[in-house]
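Colleague: Below is one structure. I have some questions about it.
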Amino acid sequence: MLASGRVVFSRMDEVRFGVPADKALAEVVEALGARRVLLMASGTLNRQTDEGEKIRRALGDRCIGTFDAMPAHSPRSAVIAATRQARDGKADLIVTLGGGSITDGAKAVQLCLANDVATVEDMDRIRGAVEVKAPTVRQVSIPTTLSAGEFSAIAGVTNEATRVKEMFRHPLTVPQAVILDPEITRHTPMWLFLSTGIRAVDHCVEAACSNESLEYTNASSLHGLSLLARGLARVKADPADRQARLDCQLGSWLSMAGLSAGVPMGASHGIGYVLGAVYDVPHGHTSCIMLPAVMRWNRPANADRQALVAAALGRPGGDAAEALDALIGGLDMPRRLSDVKIGPDQFDRIAQQAMGTPWVPRNPRPIPGPEQVKEILALAA
């Protein structure tokens with residue numbers, strides 16, 4: 001039987017890379033015809049470096065203000081605060097400068113603006129909704145980390161009342177343009193740059209190992225994995241290596257081909273959602289801890305696909321989980337749940353909640369219930 005499938009491309013117009021962000025942004029905004037731009041920026045980057053001011057100068061009188069109060073994991077309350085500022089300023093474009101929480105927060109703001117959402121409680125109307133009004137205020141993203149949320153039309157937002165990370169989505173929430181400037185990433189703390197790089201590695205690996213992977217997404221995922229594995233080690237050895245930083249950014253971009261084409265992630269992402277929302281473990285660290293354990297648990301179901309991962313990591317014929325563990329260890333990242341103060345007494349809660357994520361039910365090796373999740377957690381303990 002012939003293989004068959006469908007690849008749906010996102011509503012992103014362009015990606016610019018390897019050029020100064022302020023110059024590229026001025027050209028993009030002019031082409032889009034935007035006149036009232038809200039800058040959503042990392043608080044640290046905006047207050048402690050000159051990068052925010054460079055972006056404001058590039059925008060000129062188009063900039064109506066800056067929002068720089070988005071905490072990690074994009075809590076609902078901060079999304080509403082940013083929505084209020086965008087609505088009051090009559091923004092016609094949002095520019096983000098920062099990591100995944102800023103990017104996801106702005107995607108949620110787009111939906112709030114389009115659907116007259118004004119309070120934290122109002123967000124229930126658009127959470128997971130099939131019929132939501134399409135965003136009319138779009139987004140341009142300048143990422144400073146490697147978690148690659150800027151290439152997705154899904155926003156992960158934490159409900160502070162339930163401590164659950166919830167998905168908000170619409171095809172038009174994907175940024176209209178992304179600008180990859182390796183120079184800006186030099187401000188990103190090394191632990192954050194490297195750990196979000198492993199988050200991108202997680203995208204590559206779980207896409208390539210999925211039972212629903214496609215040849216198109218395999219090619220992107222495996223080449224992205226190779227760029228990331230080499231690039232992250234080079235940045236660790238020499239933080240001034242701009243080409244290595246750009247290789248990591250390009251690998252991060254490629255890491256999202258699977259998700260963008262509808263290939264599901266697996267248990268590493270699903271469990272990671274819970275670790276982030278409930279225990280405030282940074283996104284990148286969840287992947288550092290969970291991905292090798294998930295690969296070990298999945299090996300009986302997809303050894304052939306794991307062999308492709310090992311080869312992309314430069315270890316043909318080797319064990320993919322061991323190769324990943326060596327990469328993560330070489331970057332001095334946390335590798336066990338105990339490293340982030342999570343013990344077996346938490347496993348029941350994590351396992352129960354992980355079953356409700358979109359990815360655990362689509363793991364390559366079937367996970368029928370919480371007991372199997374706890375087996376994986378035990379491997380990562």
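The numbers here are math on the coordinates, done by the rules we state, and not lab data. Being a predicted model, the structure only gives us computed values, none of them experimental. Heads up, the Cβs are rebuilt from the backbone with ideal geometry, glycines too, and the neighbour counts pull from every protein chain shown.
Colleague: Classify region 189-380 as rounded, prolate or oblate, taking a ≥ b ≥ c as the square roots of the eigenvalues of its Cα gyration tensor: rounded when a/c is under 1.5, otherwise prolate if a/b is larger than b/c and oblate if not.
Modeller: oblate
Colleague: Simple spin-label model, 7 Å along Cα-to-Cβ: Ser77 to Arg230 in nm?
Modeller: Result for the modelled spin labels: 4.7 nm.
Colleague: Compare the peptides 329-335, 224-230 by average per-residue count of other Cβ atoms within 10 angstrom and give them in order, highest first.
Modeller: By packing density, highest mean first, the sequence is 224-230, 329-335.
Colleague: Find the Cα radius of gyration of the chain, compare it with 2.2 N^0.38 Å by division, and give the number to two decimals.
Modeller: So the chain has a normalised radius of gyration of 0.94.
Colleague: Let me ask something else. With a ≥ b ≥ c the root eigenvalues of the C-alpha gyration tensor of region 133-287, is it rounded (a/c under 1.5), prolate (a/b larger than b/c) or oblate?
Modeller: rounded
Colleague: List the lysines whose alpha-carbon lies under 28 Å from that of Lys107, not counting same-chain residues fewer than 8 positions away?
Modeller: Cα-Cα hits under 28 Å: Lys23, Lys54, Lys90, Lys133, Lys165.
Colleague: Which residue, Tyr216, Leu32, Ser101, has the largest displacement toward the positive end of the dipole of the chain when charges sit on each Cβ (Lys, Arg +1; Asp, Glu -1)?
Modeller: Working it through, the farthest residue towards the positive pole turns out to be Leu32.
Colleague: List the aspartates and glutamates whose alpha-carbon lies under 12 Å from that of Lys236, not counting same-chain residues fewer than 8 positions away?
Modeller: Asp332
Colleague: Restricting the count to DSSP beta bridges whose residues both fall in the chain, what percent are antiparallel, rounded to a multiple of 5? List each step's numbers first, then the result.
Modeller: Values: 6 of 28 bridges.
Within the chain, antiparallel bridges account for around 20 percent of the total.
Colleague: Can you give the FRET efficiency to the nearest 0.05 for Met1 and Asp304, using r as the Cβ-Cβ distance and R₀ = 22 Å?
Modeller: 0.75
Colleague: So if I take the centroid of the Cα atoms in region 205-264 and the same for region 66-105, what is the distance between those two points in Å?
Modeller: 27
Colleague: For Phe67, which sequence-distant residues (separation of 5 or more, or a different chain) have an amide H within less than 5 Å of its own amide H, given hydrogens modelled in the peptide plane?
Modeller: Leu39, Met40, Ala41
Colleague: Let me ask another. Just to be sure I understand the model, the point goes 7 Å from the Cα along the line to the Cβ. What's the resulting Arg127 to Glu53 distance in nm?
Modeller: Using points 7 Å along Cα→Cβ, the separation is 4.1 nm.
Colleague: Which order do peptides 9-15, 301-307, 360-366, 94-100 fall in by mean Cβ count within 10 Å, highest first?
Modeller: Taking the mean over residues of other Cβ atoms within 10 Å, the ranking is 94-100, 360-366, 301-307, 9-15.
Colleague: For Arg84 and Val15, compute 0.36 nm times the residue count separating them, minus their Cα-Cα distance, and round to one decimal in nm.
Modeller: Going from the current span to full extension adds 22.0 nm.
Colleague: Follow-up. Find the percent of Cα-Cα distances in region 14-180 that exceed 26 Å, and round it to a whole number.
Modeller: Of the Cα pairs, 18 percent sit more than 26 Å apart.
Colleague: Can you bin region 199-303 into rounded, prolate or oblate? Criterion: square roots of the alpha carbon gyration tensor eigenvalues sorted a ≥ b ≥ c, rounded for a/c under 1.5, prolate for a/b above b/c, oblate for the rest.
Modeller: Here region 199-303 falls in the oblate category.
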